[in-house]
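A short worksheet on the structure shown next.
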Amino acid sequence: MKTESRPLVTVITPVYNAERYLEECIRSVLAQTYTNVQYLIVNNCSTDATLDIAKRYKEIDSRIQVYDYPEFVDVIESHNRAFRLVSAPSKYCKVLSGDDSLFPECIEKLVDVAEANPSVGVVGSYVLTGGPGQYRVRFDGLPYWSTVVRGREAARWHLLGGRYFLGIPTSVLFRSDLVRRTLHFFPNSREHADISAFYECLLNADFGFSHQVLSFERVHEAALGAKAKKLSSSVASHLLDLRQYGPLYLSEAELECRFSDALRIYYDVLATGAINLRGREFWAYHKAVTDECGCRLFGLRLGKALLEKTADLLFNPKRTVQRIQRRRTAGSRSSRISRDGAHDWLSEAGGDGWTTS
């Protein structure tokens, strides 16, 4: 079937100073086997050649539209501004970050899952993530035979700490009616507002999955994920999502137990930050998080976690050395593409926090 006769897919790329990778990003959209696409590149006051590159490709392919806003906004509002451009004829919406790219069959495979399952509002897939010499495949937490998961069950699984498989914006497809129903598709200003958006969508829609590697997430020093990892923002965002969405998906007993566990893990991460002498930005960020949660940043919880962490370092030096060796070994192994990239996110919290998404 010709894709021109299939549903319209809107691809959006909210972008700021992405001249280094933007051409590769754009070319990956133009190379899609699925051609009934409109591509919106939304510039957020870039000061490099980003806008010039986007305009040049607009002249090459009429499916590309370029929006250049005069006022700079933060990354979440930049995405929401782009989401608000998704038009009524669009049935599906695909986000693509300016430093990422799609493999040729990405949109076609994601649309196939959505079209075969009308209850599905979000479709995920595996993603190749990394940089030169260090690559891995992520979001392999679903059994291979699972193509559709009830939305509420998918959300419950993640709120309760299961292996993460929902994905990142670059790896998923959204139904456009879910995007258009609100002016703020990313519902808060946190670094991981995309995960909060999943919880919003899965209240009334199911989750689909294509068991193929369909996109590439580039990891580099300027990437948002690199900053988020330094702040250990993933564990903090999960705590706030539990507080906001837990009552919608979990029983009172489940929420109480899970929040207690998540809080313990969170203070363990803060203790690690203290030992690693994290700077002012780290502590300012977590002061805001604890204020929102109604907890104290510096108090008994952090003191207890710090004592436990220090005791572990002092009285279990062999285990400390083994952890360092494991991290070094993992770094040397990462040049191989591995499907072991999606670990139980609880097990990663004892280090520098969860891998961001």
Report task. Sort the following peptides by mean Cβ neighbour count (other Cβ atoms within 10 Å, averaged over residues), highest first: 164-170, 272-278, 111-117. Result -> 164-170, 111-117, 272-278
Query - Restraint check, Lys229/Lys287; Lys229/Lys304; Lys94/Lys230; Lys230/Lys287, Cα-Cα greater than 21 Å - result: Lys229/Lys304; Lys94/Lys230
Report summary line: Using alpha carbon centers only, the range 166-197 is separated from the range 237-306 by a whole-angstrom value of 23 Å
Query - Highest average packing first - 279-287, 52-60, Cβ atoms within 10 Å - result: 52-60, 279-287
Query raised in the report: What percent do you get for the relative contact order of the range 43-139 when only Cα pairs under 8 Å and 6+ apart count?
Result: 15 percent
Report summary line: Probe 1.4 Å, all chains present, heavy atoms only: Asp177 accessible area in Å², nearest 10, is 70 Å²
Query raised in the report: Just how large is the dipole of the range 29-88 about the Cα centre, in debye to the nearest 20, putting +1 at every Lys and Arg Cβ and -1 at every Asp and Glu Cβ?
Result: 260 debye
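The values are calculated or read from the model by the stated rules, or taken from the named source; none is laboratory data. Keep in mind the model is a prediction, meaning the values are calculated, not measured. Reconstructed Cβ throughout: ideal geometry from the backbone, glycine too, with neighbour counts over all protein chains shown. When the accessible area is computed, the model is the full protein with side chains, heavy atoms only, and any ligands, DNA or RNA have been set aside. Shrake-Rupley method; radii C 1.70, N 1.55, O 1.52, S 1.80 Å.
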